[in-house]
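Here's the structure we're looking at; comments come further down.
The values are calculated or read from the model by the stated rules, or taken from the named source; none is laboratory data. No experiment lies behind these values; they were computed from the predicted model shown. In this analysis, Cβ positions are derived from the backbone assuming ideal geometry, glycine residues included, and neighbour counts consider all displayed protein chains. All accessible areas refer to the heavy atoms of the entire protein, side chains included, with ligands and DNA or RNA removed. Shrake-Rupley method; radii C 1.70, N 1.55, O 1.52, S 1.80 Å.
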Amino acid sequence: QVQLVESGGGLVQPGGSLRLSCAASRRVLSMNAMGWYRQAPGNPRELVASITRGGSSDYADSVKGRFTISRDNAKNTVYLQMNSLKPEDTAVYYCNARFSINEFWGQGTQVTVSS
């Protein structure tokens, strides 16, 4: 079992920045991969960014060049640095971990981009 706790969401103006954190109850290096997903009202949940155990990262086209996923192995925490935020980035952001054959989710954190 893996518990994931997200933090760092909030209200920000267009062009602003936020950093999301996901604290895991197990070593992040024990995960096959970790990632951030988001879901806006009326839309399906979509992958935003992911990072593998080996450190390879991948991004949705809509966030490339603006978002960066990283991790702190000592703190068992994965981050999502979000810059140049746009109103269309507004969504609930969820942390995801793939451990062995299982998949785990955090409770989500709301990000609202609005003036």
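Heavy-atom accessible surface of the stretch 10-115, averaged per residue, reaches 51 Å², computed with a 1.4 Å probe. Were the residues from S56 through K86 laid out at 0.36 nm apart, the gain over their Cα-Cα distance would be 8.2 nm. For the stretch 20-57 versus the stretch 68-114, the spacing of their alpha-carbon centroids is 6 Å.
Farthest toward the positive end of the dipole of the stretch 45-96, out of V63, A74, A91, is the Cα of A74, where the dipole comes from beta carbon charges about the Cα centre. Simple spin-label estimate for S100 and E46 gives 3.4 nm between the two label positions (7 Å along the Cα-to-Cβ direction from each Cα).
Lys and Arg at +1, Asp and Glu at -1: add these up for the other residues within a Cβ distance under 15 Å of E88 and post the number. After counting each charged neighbour, the total is +1. FRET efficiency for the K64 to Q1 pair, using the beta carbon distance and R₀ = 30 Å, is estimated at 0.35. With contacts taken as Cα pairs under 8 Å at a separation of at least 6 residues, the stretch 1-97 carries a relative contact order of 36 percent.
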